[in-house]
Amino acid sequence: MQTRWDVGEPHKPTINTRTEQLKSDLLTLNMGPQHPATHGVLRIEIWTDSEIVAHAIPHIGYLHRCMEKHCENLDFRGVIPFVDRLDYLASMNMEWNYAMTIEKMLGTEVPRRAELLRILTCELQRIASHLMAFGTYAIDLGAFSPFLYAFDYREKILRLFEEVSGARLLYNYIWIGGLWNDWSPEQISRVTAFCDDMEEEAKKYHELLSMNKIFIARTAHVGVMSVQDCIDFGATGPILRGAGMKWDLRKNEPYSLYSEFDFDVPVGTGEVGEPGDCWNRYIVRMREVVESIKIIRQVIEKLEPGSIMGKVPKVMKLPEGEVYFRSECPRGELAFHLVTKQDSKEPFRLKVRSPCFTHTSMLPRVAPGQMIADFVATVGSIDIVLGEIDR
Amino acid sequence: MNTQVHHTSSVKEYFGGLWDGIYSSLKGMWITFRYVWAVAPVSIEYPEVREVLPERARMRLFNDALNCISCTQCAMACPVDCIYIASEKLPEGSEIKKTSNGQAIRLHLTQFTIDTALCCYCGLCTTVCPTECLTHSHDYEFSAYTIDSMKYDYLAPDIVAWRDRIVKA
Amino acid sequence: MHKELSDLINRNVTGANAVAYLTADAKKFDSSITVETSHIYKVVEFLKTNKTTSFNSLHCISGVDYTDYMEVCYMLTNYDPSAVRNLTLKVRVTDRVNAAIDSVVGQFVSADFLEREVYDMFGIKFNNHPDMRRILCPDDWEGFPLRKDYVAQKDYNGMTVYPDNKMNMEDREFIVRQNMIKKAQAEKAQ
């Protein structure tokens, strides 16, 4: 056994008079790269003492494609399909963040209609991503019905995206300076109809899962990450808000047109369980779906005809400098650190600060003392996507 | 750390908790049971029934080689370098044909190969094509047995024959 | 803001030599502070513990390889809306063979995974890091991918890294082969 990062006190096996004679070792289990509940190819080496986890060491890199090196050889527009494939369940947010990074350096003015449609698309994508998180979390814990209900509603969003952008998951839709295609009024009316349906559906999910005694017993008081822990580990997004801190980049450091909209930031208050446990992180996501619907309705009211693409040079040459641009993605705070050389046609260095990467490093702190089933609930509640972690 | 709350409950708490558990589970089961009669099924019976894809859907690429002017913009725009183009100058005095939108074809296209195994279906090549000969068709059932057969030669007669089906007037 | 911060650092941490790099256009580019590589731990400790600038969260450590030196950027932040919110701290590493910096894991636990990634991609070792090994690449991978002079190894555990049948060299060299065939035919005709 080489040096390990022993975070916290490893759980010491309880020894009573009868078992004193028995020498018990810790059992090593691999919650291996292929596992239905790890949301991707994540390998967690769990050292257990019977049912209780003593250490949990995550091993990542199974999906490493070295996207940052590839981007150094690509034109700025050609990077967008690569950026899609980071957090593939929330591609629009990834593209938007990248487009904003480049637009900040170029000083491009994005037309108002394009900004509003970007907000509309990314909030719809946030709903789709949270529905996926909800469905897969439920099925991790053994509840089989909510998975298909969530995917039914997610399908409506994906179908709309397919009509607008051409693809269901990896869109290449938000371009530098604006958008690729426009939304027709008929599609906007379908978004309104979807919002009405989704509000009803969210109430249904609340009754079906959130207030279900079994679900509460499995997630309340489980995997508690306090606000201080989250700040130490650099955790952001639903994890920090579930712990009790009201911090949302859309409100605290508004980018794009978010300062014009009126929405709440849901925070885990411990109405069931305690702040920072799996239930509160889950309920923050469900409430964010309702807030996103509010934002979408306001966007549709403000929408006016106009152009969707700003003035962007045909051959993009960026000045020398560096930018670190952050935005609020469904899983936390994503940031791009872009370094360019004078008149360069490709990024000199594009670093992706992925929220899930830092969230995975919290697992060794949270795991000791939990039972394996609780550990599965914790891993599901931090909602990781390996595409973003490994890049 | 996980804190299991252990305390002995009173009679009221015990039966109240029991009732909560039964009631919340029954409420959930009622929601699921409604799906038997109240919700229309969303599955379609593929392959007998096929969904009509939206117009902008980005499926397999098709290049109308008769209209291609060999500008190589698509090969330069491709982020994964899956388009291979080679062309040569027309022999002296040959007739300059025109594409369907009026541009003159000044080069003779000798190679137009797309490796669809590398293609990421992003659509960047279709946006830069000046004659719009490179488009996305709606074919999505083109799995093959070998990786080499995923390289499509768009000058081969069997692929050119797809024109009738894909290119609209 | 960066000028005041670098003065504050210079007053309180001797030998830090903090230099503020201010960009001409703050709306487009970011400013940063460069400090002496050997004093990074003391600077980070000062920035975290003093009352004026309580940067209590480390969000990102990003390495950049300018060919004559490598730079490591620390993105510090805090959640206090009234204080200075974000700071980019940079250090330079000139030795490419035995690149080493002190780890800041003692101050920020998030540096654990982030420094491992910088080691994996650039080869910069962090002293006093509890678990200094590769994180994204396999443990026995040779070379540091994000360095500018990186050349991928030919073989990994018996597998070829760039196999010929997937490189499409025949398609790329099509025109070259056609020209060679034409030349051979023209020579034969003469």
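Quick notes on this structure:
- Taking only the Cα atoms of chain A, the ratio Rg/Rh comes out at 1.00, with Rh defined as the Kirkwood radius.
- Intensity falloff of the range C:2-153 expressed as log10 I(q)/I(0), Debye formula with alpha-carbon point scatterers, at q = 0.11 Å⁻¹: -0.43
- Principal axis analysis of the Cα atoms in the range A:43-171 yields extents of 60, 37, 21 Å, listed in decreasing size.
- For the range A:207-250 and the range A:277-327, distance of Cα centres in Å: 23 Å
- For peptide A:73-79, the mean count of partner chain Cβ atoms within 10 Å of a residue's Cβ comes to 4.
- Overall, the anisotropy analysis places the range B:1-123 in the prolate class: the square-rooted eigenvalues a ≥ b ≥ c of its C-alpha gyration tensor yield a/c not less than 1.5, with a/b exceeding b/c.
- FRET efficiency, 1/(1 + (r/R0)^6) with R0 25 Å, evaluated for residue C:1 and residue C:51 via beta carbons: 0.90
- Ranking of A:325, A:263 by neighbouring Cβ atoms within 10 Å, starting from the fewest: A:263, A:325.
- Relative packing of A:273-280, B:152-159, which averages over residues the other C-beta atoms within 10 Å, highest first: A:273-280, B:152-159
- In degrees, nearest ten, helix B:11-34 long axis to first principal axis of chain B (Cα): 30 degrees
- Take every pair of alpha-carbon atoms less than 8 Å apart whose residues are at least six positions apart; their mean separation over the length of chain A yields a relative contact order of 26 percent.
- Look at the stretch A:335-348: the mean tally of other chain Cβ atoms within 10 Å of its residues' Cβ atoms is 2.
- Computed [θ] at 222 nm, helices only, for chain A once each DSSP H run of length n ≥ 4 contributes -39500 (n - 2.57): -13500 deg cm²/dmol
- The dipole here belongs to the range B:63-169: it is taken about the Cα centre, uses +1 on the Cβ of Lys and Arg and -1 on the Cβ of Asp and Glu, and is about 360 debye.
- Legend: calculated FRET efficiency, residue B:131 to residue C:176, from the Cβ-Cβ distance at R0 = 25 Å, rounded to 0.05, equals 0.40.
- Shape category assigned to the range C:147-188 from the gyration tensor of Cα positions, a/c cut at 1.5: prolate
- A simple packing score, the average count of other Cβ atoms within 10 Å per residue, orders the peptides A:283-292, C:171-180 as A:283-292, C:171-180, with the highest score first.
- Karplus-based coupling profile of the range C:127-139, in residue order and whole Hz: 5, 6, 7, x, 8, 7, 9, 5, 10, 9, 7, x, 4, with θ = phi - 60° in 6.51 cos²θ - 1.76 cosθ + 1.60 and x standing for Gly or Pro.
- Helical runs (DSSP H, four residues minimum) scored at -39500 (n - 2.57) apiece and divided by the length of chain C put the mean residue ellipticity at 222 nm at -8500 deg cm²/dmol.
- Sequence-distant lysines (8 or more away, or on other chains) whose Cα lies within less than 24 Å of residue A:204: A:156, A:213, A:294, B:27
- Take every Cα pair under 8 Å whose residues are at least 6 apart in sequence, average their separation, divide by the length of chain C, and the relative contact order is 13 percent.
- Taking Cα atoms only, the orientation of helix A:278-302 departs from the longest principal axis of chain A by about 10 degrees.
- Spatially close Lys pairs in chain C, defined by Cα atoms under 27 Å apart and a spacing of eight or more places or different chains, total 22.
- Each of residue B:108 and residue C:166 was given a label point 7 Å from its Cα along the Cα-to-Cβ line. The distance between the two points is 3.7 nm.
- Listed by Cβ neighbour count within 10 Å, with the fewest neighbours leading, C:154, A:302 appear as C:154, A:302.
- Theoretical FRET efficiency, 1/(1+(r/R0)^6), r = Cβ-Cβ of residue B:160 and residue C:183, R0 30 Å, to 0.05: 0.55
- Ranking A:219, A:86, A:270 by how far each Cα lies toward the positive end of the dipole of the range A:67-390 (charges on Cβ) leaves A:86 at the top.
- The Cα center of the range A:69-135 and the Cα center of the range B:98-116 differ in position by 33 Å.
- Chain B: calculated mean residue ellipticity at 222 nm from DSSP helix runs of at least 4, using -39500 (n - 2.57): -7000 deg cm²/dmol
- Whether the range B:61-166 is rounded, prolate or oblate, judged on the alpha carbon gyration tensor where a/c under 1.5 counts as rounded: prolate
- A Cα-only calculation for the range C:1-72 places Rg and Dmax at 12.9, 38 Å.
- Computed over the Cα atoms of the protein assembly as shown, the ratio of the radius of gyration to the Kirkwood radius (Rg/Rh) comes to 0.99.
- Shape metrics for the range B:29-73, restricted to C-alpha atoms - Rg then Dmax, Å: 21.5, 63
- Under 15 Å from residue A:203, Cα to Cα: aspartates and glutamates that are on another chain or at least 8 residues apart: A:288, A:291
- Put in order of Cβ neighbour count within 10 Å, fewest first, the listed residues A:337, A:35 become A:35, A:337.
- Charging the Cβ of each Asp and Glu at -1 and of each Lys and Arg at +1, and nothing else, the dipole of chain C about its Cα centre rounds to 480 debye.
- Ranking B:110, A:124, C:141 by how far each Cα lies toward the positive end of the dipole of the protein assembly as shown (charges on Cβ) leaves B:110 at the top.
- Relative contact order of chain B, taken over Cα pairs closer than 8 Å and 6 or more residues apart, is 25 percent.
- Across peptide A:219-225, the mean count of Cβ atoms from other chains lying within 10 Å of each residue's own Cβ comes to 2.
- Counting only aspartates and glutamates at least 8 places from residue B:12 when in the same chain, those with an alpha carbon closer than 17 Å to its own are B:20.
Every read-out reported here was derived from the displayed coordinates using simple, explicitly stated rules and does not represent laboratory data. These figures come from a predicted structure and were not determined experimentally. Cβ sites come from the backbone with ideal geometry, for glycine too, and all protein chains shown count toward neighbours.
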